[in-house]
1. Taking Asn87 as the residue in question, decide whether it is open to solvent by 60 Å² or more (accessible area, probe 1.4 Å), more than 18 Å from Gly179 (Cβ to Cβ) and either touching a His at 6+ places or on another chain (Cβ under 7 Å) or touching a residue at least 24 places away in the same chain (Cβ under 8 Å) (or both).
2. Looking at (1) crowded, with 18+ Cβ neighbours inside 10 Å; (2) aromatic (Phe, Trp, Tyr); (3) assigned to a loop (DSSP other than H, G, I, E, B), which one does Tyr121 not meet, given that it meets all the others?
3. Which of the residues that make up segment 135-163 are in contact with a Ser or Thr (Cβ under 9 Å, 6 or more places away or on another chain), among the aliphatic types (A, V, I, L, M) and surrounded by fewer than 18 Cβ atoms within 10 Å (Cβ to Cβ)?
4. Please specify each residue of segment 164-190 satisfying the condition of being surrounded by fewer than 23 Cβ atoms within 10 Å (Cβ to Cβ) and of a type in the set (Gly, Ala, Ser).
Amino acid sequence: MPRLNISVKNELIRALEEDAEKKGKTISSILSEAATLYMEAEKSGLRTGDVLKVFRVIEIMGEINAVPVPSILLDSMIKLSLKDSENEVVERWFERGQVLGNILKSYARTFSDLSDFVSEYRFLLPTDMFDIELENGKARIVLSGVGYSMEAARCTSEGLKGILSAYGFEVEDVETSEGFVKIMAKEKSE
């Protein structure tokens with residue numbers, strides 16, 4: 001195998017040495033894995049920063065025990081579950097939104113930070129549009145491409161209400177239609 005000399009910072013060398021020792025690998029094999037990952041990301045059109053964002057989203061999904069589900073299946077499941085126990089299902093979506101909001105606060109401490117976070121991670125979100133605006137203590141969230149039915153939009157709005165609650169906002173107005181949610185909220189008075 002051909003050799004290649006590279007320059008890296010001392011801190012990175014120490015971290016690589018420690019990791020290699022823990023895992024019983026060579027630094028060369030770790031760097032080869034990293035280069036392979038880099039080339040695969042490039043082939044897929046992802047930048048290095050995008051790959052790190054994918055890892056973060058997977059980490060958040062793990063924290064909330066989320067599993068990927070085809071959207072059309074999820075939409076059908078939502079419709080069926082709402083027929084059986086509408087209030088309980090809606091309540092669960094709100095609760096899960098609160099849990100997600102509290103987890104997101106470790107990545108985006110304030111609601112303003114959350115807006116930046118959503119903008120930065122937008123390309124990974126399964127929506128056509130996701131806009132968050134914050135002005136003078138008032139929040140506006142608009143999503144489109146959130147399911148195929150009114151039921152899916154309703155559950156999405158409940159999850160968003162939970163996230164807003166975790167960030168200290170109370171909802172003033174909600175508009176939903178098939179695949180669309182708009183929520184207006186204000187910061188809760190202390």
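The values are calculated or read from the model by the stated rules, or taken from the named source; none is laboratory data. As the structure is a prediction and not an experimental result, all values here were calculated from the model. Because the Cβ atoms are built from the backbone with ideal geometry, glycine has one as well, and the counts that use them run over all protein chains shown. Heavy atoms of the whole protein, side chains included, go into the accessibility calculation; ligands, DNA and RNA do not. Shrake-Rupley method; radii C 1.70, N 1.55, O 1.52, S 1.80 Å.
1. Numbers: open to solvent by 60 Å² or more (accessible area, probe 1.4 Å): yes; more than 18 Å from Gly179 (Cβ to Cβ): yes; either touching a His at 6+ places or on another chain (Cβ under 7 Å) or touching a residue at least 24 places away in the same chain (Cβ under 8 Å) (or both): no.
Considered against the rule, which asks whether it is open to solvent by 60 Å² or more (accessible area, probe 1.4 Å), more than 18 Å from Gly179 (Cβ to Cβ) and either touching a His at 6+ places or on another chain (Cβ under 7 Å) or touching a residue at least 24 places away in the same chain (Cβ under 8 Å) (or both), Asn87 comes out as no.
2. Result: Tyr121 fails condition (3) only.
3. Met150
4. If the condition is that a residue be surrounded by fewer than 23 Cβ atoms within 10 Å (Cβ to Cβ) and of a type in the set (Gly, Ala, Ser), then Ser165, Ala166, Gly168, Ser177, Gly179, Ser189 are the ones that fit.
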